[in-house]
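Data first, discussion second: the structure below is written as structure tokens.
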Amino acid sequence: MNSIYAMTNKQMQDAFLEMGEKKYRANQVFEWIYTKNVYDFHQMTNLSKDLQKKLSETFSSELLTIKEKQVSKDGTIKYLFELPAGGLIETVLMIHPYGTSLCVTSQLGCNMGCAFCASGLLKKQRNLTSAEMVMQILSVQQDTGQRISHVVVMGTGEPFDNYDEVLNFIYTINEPKGLAIGARHMTVSTCGIVPRIYDYAKEGLQVNLAISLHAPNDEIRNELMPINKTYNMDMLRQAIKDYIDQTNRRVTLEYILLKDVNDDVKYARQLAHYLRGLNVYVNLIPYNAVNEKGYAKSSDETIQAFKDELLRLRINCTLRKEHGSDIDGACGQLRAKQERRP
Ligand code: SAH
């Protein structure tokens, strides 16, 4: 059965027309779901009993099941959800001064194989559908009673390896008469699938783009991120430049500081050189250690020295605030732990 959450407003109108129903009925259902938090067709009281029945026989409106929930001292909540179709995913809610942001998972497992990341401990089984990404928002809103104001597609998976579904998800949650999450309040993060960066530039979206760079040169990046062997840093830089030229938007570059791997100040200088002339800013990320991986977090002094060097070279940069470091905060950790339990 198709999920009712798989559709943008327009797609729902088309589906209803095809069923011989009026377009405005689709708008009513869309409104119940996304503005009134009603997910049971039988509770949509402005629809006839017949239509309620027909919809419940045609579409599923099931949400996610909470398998585990960890709440951090700073308010971060990490969910381990079970999908209606089976499979466990992680979704993380973070509380910021400016609102709430949800870190959404885009694939069941991940095949990118980044050396430091826990998500890749479990290989990709399949892409998530846009409905399954929408469900992550609705299920968290239902659990907390709070509206999600920001979305980052930075959970498990590579969004640009699931391009069409991720875009449909973005369009669905962006609907002004629905969740109305502003494009500027969304961020998609990629490990650098270069052809999709060119495609994405053409979409004309205001959604923020973040790129996981994590290295100042090909030698180190090849070690950390296998994708670099397909699309090296020159190719990536070209794509970033093209994106900025086309959209006039600033790109975020993510750089995890890994002790004795990429955190020397000489690498800050190489990074500054690589980024020279691009409208970007660097988001330095303290590493969230993953036991199985053998990498360690850089010391506070090293992180500060790296940041100071970038700033001295007039590269915009910020240090990411850590969230939920007292829970299994690192990407994929909770799920990997659960799946390995007997
Ligand atoms: N595949 C996408 C999005 C998911 S990963 C991408 O690569 O961007 C989201 C971000 O978290 C990436 O920058 C990733 O490199 C980073 N990350 C993964 N494991 C981490 C860890 N243990 N500590 C800190 N950041 C991590």
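Return the sequence-ordered ³J(HN,Hα) values of the stretch 112-126 in whole Hz as given by the Karplus equation 6.51 cos²θ - 1.76 cosθ + 1.60 applied to θ = phi - 60°, using x for Gly and Pro.
My calculation for the stretch 112-126 gives 6, x, 4, 5, 9, 9, 7, 4, x, 4, 10, 5, 5, 9, 6 Hz in order.
Could you size up the charge dipole of the stretch 237-293 around its Cα centre, putting +1 on the beta carbon of Lys and Arg and -1 on that of Asp and Glu, and report it in debye to the nearest 20?
Dipole magnitude for the stretch 237-293 comes out near 220 debye.
Would you mind working out the magnitude of the charge dipole of the stretch 157-286 relative to its Cα centre, with +1 at each Lys and Arg C-beta and -1 at each Asp and Glu C-beta, to the nearest 20 Debye?
In total the dipole reaches around 480 debye.
Applying the Karplus parametrisation 6.51 cos²θ - 1.76 cosθ + 1.60 with θ = phi - 60° to the phi angles of the stretch 7-13, what ³J(HN,Hα) value in whole Hz is obtained for each residue in order, glycine and proline being reported as x?
10, 6, 4, 5, 4, 5, 4
For the stretch 1-122, what number of Lys pairs, 8 or more residues apart or on separate chains, have alpha-carbon atoms under 21 Å from each other?
Qualifying lysine pairs in the stretch 1-122: 17.
Using the Karplus curve 6.51 cos²θ - 1.76 cosθ + 1.60 with θ = phi - 60°, what ³J(HN,Hα) values do you get for each residue of the stretch 228-233, in whole Hz, with x for Gly and Pro?
Using θ = phi - 60°, the values come out as 5, 6, 8, 10, 7, 5 Hz.
Please list, ordered by chain and number, the residues whose modelled amide H lies under 5 Å from the amide H of S60; skip anything fewer than 5 residues away on the same chain.
The answer is N2, S3, I4.
Which net charge results for the neighbourhood of S298, defined as the other residues with beta-carbon distances under 11 angstrom from its beta-carbon, given Lys and Arg at +1 and Asp and Glu at -1?
On the way: positive: K259, K297, K307; negative: D260, D263, D264, D300, E301.
Net charge in that neighbourhood comes out at -2.
Among K78, K49, K259, which comes first, then next, by fewest other beta-carbon atoms within 10 Å?
Fewest-to-most Cβ neighbours within 10 Å comes out as K49, K259, K78.
Under 17 Å between alpha carbons, and skipping anything fewer than 8 positions from K229 in its own chain: which aspartates and glutamates qualify?
Correct list for K229: E158, D161, D218, E219.
When Lys and Arg each count +1 and Asp and Glu each count -1, what net charge do the other residues less than 15 Å away from I4, Cβ to Cβ, add up to?
Local charge sum for I4: -4.
On a 0 to 90 degree scale, rounded to 10, what angle separates helix 49-58 from the longest Cα axis of the chain?
For helix 49-58, the angle is close to 40 degrees.
Show which aspartates and glutamates lie in cross-link reach of K266 when reach means a straight Cα distance below 13 angstrom and same-chain residues fewer than eight apart are skipped.
D308, E309
To make sure I understand, if each residue's beta carbon is the centre and we count other beta carbons within 10 Å, what order do L213, L236, L63, L319 fall in, fewest to most?
Ranking L213, L236, L63, L319 by Cβ neighbours within 10 Å, fewest first, gives L319, L63, L236, L213.
Magnitude of the Cβ-charge dipole of the chain, K/R +1 and D/E -1, about the Cα centre, nearest 20 debye?
The dipole of the chain has a size of about 400 debye.
Could you tell me the relative contact order of the chain? Use alpha-carbon pairs under 8 Å, at least six residues apart, and round to a whole percent. Walk me through the intermediate numbers first.
Details: 640 pairs, mean separation 53.3, N = 342.
Computed value for the chain: 16 percent relative contact order.
Whole Å is fine, so just give me how far the alpha carbon centre of the stretch 164-190 lies from that of the stretch 27-46.
20
In a Gaussian network model over the chain where Cα atoms closer than 10 Å are linked, find which of T252, T45, T318 has the largest mean-square fluctuation.
T45
Can you list the residues, at least 5 places off or on another chain, whose amide H is less than 5 Å from the amide H of L128, using H built in the peptide plane?
The list, which skips near neighbours in sequence, is Q107, L108.
Taking the Cβ of each residue in T156, T91 as the centre, tally the other Cβ atoms inside 10 Å and list the residues starting with the fewest.
Listing T156, T91 from fewest to most nearby Cβ atoms yields T91, T156.
Counting each DSSP H run of 4 or more residues in the chain as -39500 (n - 2.57), what helix-only mean residue ellipticity at 222 nm follows after dividing by all residues, to the nearest 500 deg cm²/dmol?
One gets -11000 deg cm²/dmol as the mean residue ellipticity at 222 nm.
Let me know the shape class of the stretch 42-143, please: from the alpha-carbon gyration tensor, a ≥ b ≥ c as square roots of the eigenvalues, rounded when a/c is under 1.5, otherwise prolate if a/b is greater than b/c, or oblate.
Oblate.
Treating the angle as unsigned and between 0 and 90°, give the value, to the nearest 10°, between the Cα long axis of helix 23-36 and the longest Cα principal axis of the chain.
60
Roughly what would the spin-label model give for A305 and A115, points 7 Å off Cα along C-beta, in nm?
Label at A305, label at A115, 2.1 nm between them.
Read-outs: derived from the displayed coordinates by stated rules, not from any lab. Treat the numbers as computed from the prediction; the structure is a model and nothing was measured. We place every Cβ from the backbone using ideal geometry, glycine too, and count neighbours over all the protein chains shown.
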